[in-house]
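The values are calculated or read from the model by the stated rules, or taken from the named source; none is laboratory data. Please read all numbers here as calculations on a predicted model, not as lab measurements. Note: ideal-geometry Cβ built from the backbone for every residue, glycine included; neighbour counts use all protein chains shown. Heavy atoms of the whole protein, side chains included, go into the accessibility calculation; ligands, DNA and RNA do not. Shrake-Rupley method; radii C 1.70, N 1.55, O 1.52, S 1.80 Å.
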Amino acid sequence: EAQAEAKRRARCFVEDRIPKYLGWLERVLQRNRESDGQWLVGSGLTSPDLSAFQTVEGLRYAFPNAMARLEPEIPRLAALRDRLSPDNAPVIVHMSNFRPVKRAATVFDVFERVRRRMRQDIAATRPQ
């Protein structure tokens, strides 16, 4: 009984919720004239873009077939995700919470160690 309900809810999520939410993000991108539809807010990378990236990334992982069908309808959102992780490179992000960093050198040291270990680009942003 629980499995049947889980399948029903997953179908509803895939058929209704995912297209509705991702369609909304696509329209937000389309309406952002400041970035010509490349970013959700303003003219550069912001925390909402990173949230959208993570959403698309997670949905691609959890629902690959559904996303493969849906992505032609959300080209700007798919491009945003691909811009942040070309060739599926790992993405590590530090987001400021506007509190002063007491030991900034420690933050930079950690990022340098991670960069060396992963040999990937690190995207850093400060929410606007």
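General remarks:
- One residue stands out among those in region 43-68 that are outside any loop (DSSP other than H, G, I, E, B) and of a type in the set (Phe, Trp, Tyr): the one that is most open to solvent (accessible area, probe 1.4 Å), which is Tyr61.
- Meets criteria (at pLDDT below 95 and part of a helix (DSSP H, G or I)) for Gln30: no
- Residue count for region 1-42, restricted to those that are within 26 Å of Asn88 (Cα to Cα), open to solvent by 100 Å² or more (accessible area, probe 1.4 Å) and among the polar types (S, T, N, Q): 1
- Considered as a group, the residues in region 69-99 that are small (Gly, Ala, Ser) and either within 14 Å of Gln38 (Cα to Cα) or modelled with pLDDT of 75 or more (or both) include one that is surrounded by the fewest Cβ atoms within 10 Å (Cβ to Cβ), and that residue is Ala89.
- Subset of region 19-53 [over 15 Å from Ala79 (Cβ atoms) and of a type in the set (Lys, Arg)]: Lys20, Arg31, Arg33
- Residues that are touching a helix residue (DSSP H, G or I) at 6+ places or on another chain (Cβ under 9 Å) and on the phi < 0 side of the Ramachandran plot within region 38-48 comprise Gln38, Trp39, Leu40, Val41, Ser43, Gly44, Leu45, Pro48, listed in sequence order.
- Residue count, region 49-68 (criterion: in contact with a helix residue (DSSP H, G or I) (Cβ under 7 Å, 6 or more places away or on another chain), over 21 Å from Gly37 (Cα atoms) and of a type outside the set (Lys, Arg)): 3
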